[in-house]
There are 2 protein chains.
Amino acid sequence: MKNTTAKQGDYVEVHLMKLIYEGILLESPETEKGIILLKLDNGYNIGFSKKDVLEIKVLKKAKVVEENLEIKKDSTKPNIAMIITGGTIASRLDSRTGGVHPLQNPEDLFKFYPELFEKVNVVKVEIPFMKASEDMDFKDWQKIARVAEKLLNDSNIKGIIITHGTDFLHYTSAALSFMLKNLNKPVVLTYSQRSIDRASSDANLNLQCSALVAISDIAEVCLVGHASSNDNYCYAIPGTKVRKLHSSKRDAFKVVNDKPFAKVFPDRIEIVSNYKTRDKNKVKLDLKFEEKVALVKIYPGQNADVVDYYLKNNYKGIVLEMSGLGHAPTSSSRNNWVRKIKEVIDKGLIVCAVSQCIYGRVDPLVYSNGREVLETGVIYLKDMLAETAFVKLGWVLGHEDWAKNKKIVEEKMLENVAGEFNDRLEE
Amino acid sequence: MKNTTAKQGDYVEVHLMKLIYEGILLESPETEKGIILLKLDNGYNIGFSKKDVLEIKVLKKAKVVEENLEIKKDSTKPNIAMIITGGTIASRLDSRTGGVHPLQNPEDLFKFYPELFEKVNVVKVEIPFMKASEDMDFKDWQKIARVAEKLLNDSNIKGIIITHGTDFLHYTSAALSFMLKNLNKPVVLTYSQRSIDRASSDANLNLQCSALVAISDIAEVCLVGHASSNDNYCYAIPGTKVRKLHSSKRDAFKVVNDKPFAKVFPDRIEIVSNYKTRDKNKVKLDLKFEEKVALVKIYPGQNADVVDYYLKNNYKGIVLEMSGLGHAPTSSSRNNWVRKIKEVIDKGLIVCAVSQCIYGRVDPLVYSNGREVLETGVIYLKDMLAETAFVKLGWVLGHEDWAKNKKIVEEKMLENVAGEFNDRLEE
């Protein structure tokens, strides 16, 4: 590789033996010193062995962010609060380390998301932790809920926005839907798939639309994000009916078995379906959660003995992602799941059924294979998403007074607590 | 309940205390004698306690199927063969038992699907077994492949249609894609979501379109089924890029991360993307399969120790459905999957990564959490579907000469054997 004057943060062109790539030059991670790391315009990082690199030309010097912008508070604008938990949206690329820096205060937010402040004052920013969402678990959901409760019960605040990593965002949205009782104001979860330093970032639109929903009448836990790969409007989707269905697209999150609450443009909201309106209630926390709950997807020929693992390890409940309308291999199969399910239910394990199809619902009455499973005592969760079912089962079994009575557990699992069932679902 | 003259098979109206339902009266199953069972027009069965039923009125007497139809063979039409394996499409409702009867010979098929015979002669019907697809495993895939090989190497037959249950159909289509080497003719898998006795049955269109593809130039393993909920055309979808994404809709099967081969109307085919054309090769079987392979979906807070279960039980490989671009909880989480994955890989378990997002691809290089997982030696399977990955890993590890060398396993898993990777996938 030739000598170069390029510095970290410069916009450069890397000439390879074979090809030319354009992007932002990053500093190589500590452990990969022989690597040139480049963030491409499409947002992906690409690494080259130094020995493969001929030359690095600077196309554009690194942009220096202005340091002393001022937030103008405007008493005619409604006040909102933000909870920052990590993820791409709450980060800016640090071109020196190739890593990300959290945005920790309103000034930081203003620097990167000035449009957010056009319609609202962000009067509080809380950061309970900074994590990738795949590193979160129920204790993190509880922490977010605690912070949210305080903000929601502050009469000075009209609604809250929670920024969050995308990977397991739909589990958190389900958890908050169950953990925040008597919800009085909008709780808006949002994200970005591409960080704000990138031309294609989805963060700005998502945040602008989130602000509109946070000051709206929609007193629901909802996820606000791109409705399509165009950068023109978002959907506000019920927190229990949303799933990440694309690994990288801006419209990764889709409503499943339901309608969004609303279409949200940067300057207006078009209501699509019914929602709970804001009121003067105080939010109450209902944080209980049973850690010993599992989610297991059934696949052809799977040995049913894996369920014994959960029983042996003192699990209290298990959600099975069954096939089609809620089927599992029967006695006609070499791996009799029906017998095993009956066995573990008789020993006290709570077993729930959802469909791995994602769309549609389980219905054990259509085929005899379904009726066989139903007879074991499995709780069929209709059109509930697998991810929501996992969260709900942990939440229900976390309540000791419910957990000790299977009948109450079944009643609670089948009660529509937070929109997790859509009774008007067609077909 | 009042006395009634209604007989099984009659089209009746059941008057409940509260409501009136219309449907086909079924005979109650042996174990549920106190139940009146009705097949509704929407295809679902509904059961009423006899004590809740006021009256049953006959709206239309049961249709008697003509018994002596003749199939006219026509030497100007191309010959195809069918393999019947069970599922809704190969069944007719038996109104006496509420169960289903298999369609076992060309005469039966002709009775129910006369349109199928407009363009082709069905010269052979093979029935290796009759099963719901959720009861199948790799041994069933091998049986189907063996029958298919014989038919495909019969110069009198232009292509084959395999009828199959829907629940795990996409696993079988992937398995046949790997097990049938040097494919020379079309292998068309099809299904119905609603049995032929129902007005809304999707079987006829699916079979007509399947026949067109079976005599076409598309020498691929593909699934042919409804493209939308309208009953007007089908898609022919690559067998490794298809997933059941709705529990009950007629267009339950969707192409994922790829394009269909073709749009198929009852009278014509519109080609959409490239395919392998028919040739004079002999098909060879490659049936090997390692049973000790698992598919595991990761969820928040999941205890990584479950992987030990697979190691202890002598599993050879595992496909992990990771979050987003291929992430798993790291050392920042209370459940360190990265450490556990490294541990089991070091002990010889093959670990592959796919995305539980379904759409898109895994890419461990974008975030540091992904790079942490990659360093453990996980094989990242790009845009491959989880279900296809499970089948492929079993197939690859079934080859002892490959399985004994991790480098070869990785090479084979990343080789595009049967269209399981789409290198032109955007974003």
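So how many residues does the range A:323-363 have that are out of contact with any Cys (no Cβ under 9 Å at 6 or more places or on another chain) and either basic (Lys, Arg) or under 25 Å from A:Val255 (Cβ atoms) (or both)?
The first filter runs over the range A:323-363 and keeps only residues out of contact with any Cys (no Cβ under 9 Å at 6 or more places or on another chain), leaving A:326-363.
Imposing the further condition that a residue be either basic (Lys, Arg) or under 25 Å from A:Val255 (Cβ atoms) (or both) reduces the set to A:326, A:334, A:339-340, A:342, A:347, A:352-363.
Matching residues across the range A:323-363 total 18.
Within the bounds of the range B:8-21, is there any residue that is modelled with pLDDT of 75 or more, away from chain A (no Cβ under 13 Å) and over 30 Å from B:Ile162 (Cα atoms)? I'd like the intermediate steps shown before the answer.
If we filter the range B:8-21 for residues that are modelled with pLDDT of 75 or more, which is where we start, we get B:20-21.
If we keep only those that are away from chain A (no Cβ under 13 Å) too, we end up with B:20-21.
This time we only want the ones that are over 30 Å from B:Ile162 (Cα atoms), so: B:20-21.
Within the range B:8-21, one or more residues are modelled with pLDDT of 75 or more, away from chain A (no Cβ under 13 Å) and over 30 Å from B:Ile162 (Cα atoms).
Among what's in the range A:375-406 and is of a type outside the set (Gly, Ala, Ser) and surrounded by fewer than 18 Cβ atoms within 10 Å (Cβ to Cβ), pick the residue that is nearest to the other protein chains (Cβ to nearest Cβ). Let's see the steps before the verdict.
First, pick out the residues of the range A:375-406 that are of a type outside the set (Gly, Ala, Ser): A:375-376, A:378-385, A:387-388, A:390-393, A:395-397, A:399-402, A:404-406.
Right, trim to surrounded by fewer than 18 Cβ atoms within 10 Å (Cβ to Cβ) and you get A:375, A:399-401, A:404-406.
Details: A:Glu375: 9, A:His399: 18, A:Glu400: 19, A:Asp401: 23, A:Lys404: 23, A:Asn405: 25, A:Lys406: 22 Å.
Per the stated criteria, the residue is A:Glu375.
For every residue, the table says whether it meets (1) within 14 Å of chain A (Cβ to nearest Cβ); (2) assigned to a strand (DSSP E or B); (3) modelled with pLDDT of 75 or more.
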{"position": "B:Glu32", "(1), (2), (3)": "yes, no, no"}
{"position": "B:Ile46", "(1), (2), (3)": "yes, yes, no"}
{"position": "B:Val58", "(1), (2), (3)": "no, yes, yes"}
{"position": "B:Val65", "(1), (2), (3)": "no, no, no"}
{"position": "B:Asn68", "(1), (2), (3)": "no, no, no"}
{"position": "B:Ser75", "(1), (2), (3)": "no, no, yes"}
{"position": "B:Ile80", "(1), (2), (3)": "no, yes, yes"}
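Mind checking which residues of the range B:180-217 are without any contact (Cβ under 8 Å) to a residue 60 or more places away in the chain and of a type in the set (A, V, I, L, M)?
Those that are without any contact (Cβ under 8 Å) to a residue 60 or more places away in the chain and of a type in the set (A, V, I, L, M): B:Val187, B:Val188, B:Leu189, B:Val213.
Yes/no matrix, rows are residues, columns are (1) closer than 22 Å to B:Gly360 by Cα; (2) modelled with pLDDT of 95 or more; (3) among the aromatic types (Phe, Trp, Tyr):
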residue	(1), (2), (3)
B:Ala227	yes, yes, no
B:Asn230	no, no, no
B:Tyr235	yes, yes, yes
B:Gly239	yes, yes, no
B:Arg250	no, no, no
B:Val256	yes, yes, no
B:Lys263	no, yes, no
B:Arg268	no, yes, no
B:Asn274	yes, yes, no
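Mind checking whether some residue in the range B:185-201 is of a type outside the set (Ser, Thr, Tyr), over 19 Å from the mean Cα position of the chain (by Cα), assigned by TED's automatic domain parsing to the domain that holds B:Glu115 and surrounded by 24 or more Cβ atoms within 10 Å (Cβ to Cβ)?
Residues of the range B:185-201 that are of a type outside the set (Ser, Thr, Tyr), as a first pass: B:185-189, B:193-194, B:196-199.
If we keep only those that are over 19 Å from the mean Cα position of the chain (by Cα) too, we end up with B:185, B:197-199.
When the remaining residues are screened for being assigned by TED's automatic domain parsing to the domain that holds B:Glu115, the result is B:185, B:197-199.
Filter once more, keeping what is surrounded by 24 or more Cβ atoms within 10 Å (Cβ to Cβ): B:185.
Yes, because at least one residue in the range B:185-201 is of a type outside the set (Ser, Thr, Tyr), over 19 Å from the mean Cα position of the chain (by Cα), assigned by TED's automatic domain parsing to the domain that holds B:Glu115 and surrounded by 24 or more Cβ atoms within 10 Å (Cβ to Cβ).
As an exercise: evaluate A:Asp308 against (1) away from chain B (no Cβ under 12 Å); (2) out of contact with any Pro (no Cβ under 7 Å at 6 or more places or on another chain) and give the number of the one condition it does not meet.
Of the numbered conditions (1) away from chain B (no Cβ under 12 Å); (2) out of contact with any Pro (no Cβ under 7 Å at 6 or more places or on another chain), the odd one out for A:Asp308 is (1).
Would you say A:Ile298 is of a type in the set (A, V, I, L, M, F, W, C) and either more than 24 Å from B:Gly394 (Cα to Cα) or modelled with pLDDT under 95 (or both)?
On the way: of a type in the set (A, V, I, L, M, F, W, C): yes; either more than 24 Å from B:Gly394 (Cα to Cα) or modelled with pLDDT under 95 (or both): no.
Judged against the criteria, A:Ile298 is not a match.
Please state which of the following conditions B:Ser333 fails to meet, knowing it meets all the rest: (1) more than 28 Å from A:Trp141 (Cβ to Cβ); (2) in a loop (DSSP other than H, G, I, E, B).
Evaluating B:Ser333 over (1) more than 28 Å from A:Trp141 (Cβ to Cβ); (2) in a loop (DSSP other than H, G, I, E, B) leaves (1) as the failure.
Looking at B:Gly348, is it more than 13 Å from chain A (Cβ to nearest Cβ) and more than 12 Å from B:Val296 (Cα to Cα)?
On the way: more than 13 Å from chain A (Cβ to nearest Cβ): yes; more than 12 Å from B:Val296 (Cα to Cα): yes.
Yes, satisfied.
Quick check on my filter: what residues within the range A:121-140 are touching a Leu at 6+ places or on another chain (Cβ under 7 Å) and under 22 Å from B:Ser323 (Cβ atoms)?
The answer is A:Ser133, and nothing else.
Of all residues in the range B:314-337, which are at the interface with chain A (Cβ under 8 Å from one of its Cβ atoms) and more than 23 Å from A:Gln356 (Cα to Cα)?
B:Thr330, B:Ser332, B:Ser333, B:Arg334, B:Asn335
Taking A:Lys181, is it buried (at least 22 other Cβ atoms within 10 Å of the Cβ) and modelled with pLDDT of 95 or more? Steps first, answer last, please.
Numbers: buried (at least 22 other Cβ atoms within 10 Å of the Cβ): no; modelled with pLDDT of 95 or more: yes.
No.
What is the residue count in the range A:227-248 for residues that are within 14 Å of chain B (Cβ to nearest Cβ) and under 14 Å from the mean Cα position of the chain (by Cα)?
Residues meeting the conditions: 7.
Looking at A:Tyr171 and the list (1) without any contact (Cβ under 8 Å) to a residue 60 or more places away in the chain; (2) within 14 Å of another protein chain (Cβ to nearest Cβ), which single condition is not satisfied?
(1)
For the range A:245-270, what are the residues that are surrounded by 15 or more Cβ atoms within 10 Å (Cβ to Cβ) and assigned to a strand (DSSP E or B)? Write out each step before concluding.
Narrowing the range A:245-270 to residues surrounded by 15 or more Cβ atoms within 10 Å (Cβ to Cβ): A:245-266, A:269.
Passing the criteria: A:His246, A:Phe253, A:Lys254, A:Val255, A:Ala262, A:Lys263, A:Val264, A:Phe265, A:Ile269.
For B:Glu291, only one of the following conditions fails: (1) more than 9 Å from chain A (Cβ to nearest Cβ); (2) assigned to a loop (DSSP other than H, G, I, E, B); (3) under 30 Å from B:Lys150 (Cβ atoms); (4) over 19 Å from the mean Cα position of the chain (by Cα). What is its number?
With (1) more than 9 Å from chain A (Cβ to nearest Cβ); (2) assigned to a loop (DSSP other than H, G, I, E, B); (3) under 30 Å from B:Lys150 (Cβ atoms); (4) over 19 Å from the mean Cα position of the chain (by Cα) applied to B:Glu291, the lone miss is (1).
Report yes if some residue within the range B:143-152 is within 14 Å of chain A (Cβ to nearest Cβ), in contact with a strand residue (DSSP E or B) (Cβ under 8 Å, 6 or more places away or on another chain) and more than 14 Å from A:Pro300 (Cα to Cα); otherwise report no. Before you say what the answer is, go through the steps one by one.
Step one: list which residues in the range B:143-152 are within 14 Å of chain A (Cβ to nearest Cβ), which gives B:143-144.
With the extra rule that they be in contact with a strand residue (DSSP E or B) (Cβ under 8 Å, 6 or more places away or on another chain), the set shrinks to B:144.
Pick out the ones that are also more than 14 Å from A:Pro300 (Cα to Cα) and you get B:144.
Yes, that holds for at least one residue.
For the range B:249-266, name all the residues that are closer than 21 Å to B:Gly159 by Cβ, over 13 Å from the mean Cα position of the chain (by Cα) and of a type in the set (A, V, I, L, M, F, W, C).
B:Phe261, B:Ala262, B:Val264, B:Phe265
The values are calculated or read from the model by the stated rules, or taken from the named source; none is laboratory data. All figures in this text were calculated on a predicted structure; none of them were measured in a lab. Glycine also receives a Cβ, built like all others from the backbone with ideal geometry; neighbour counts cover every protein chain displayed.
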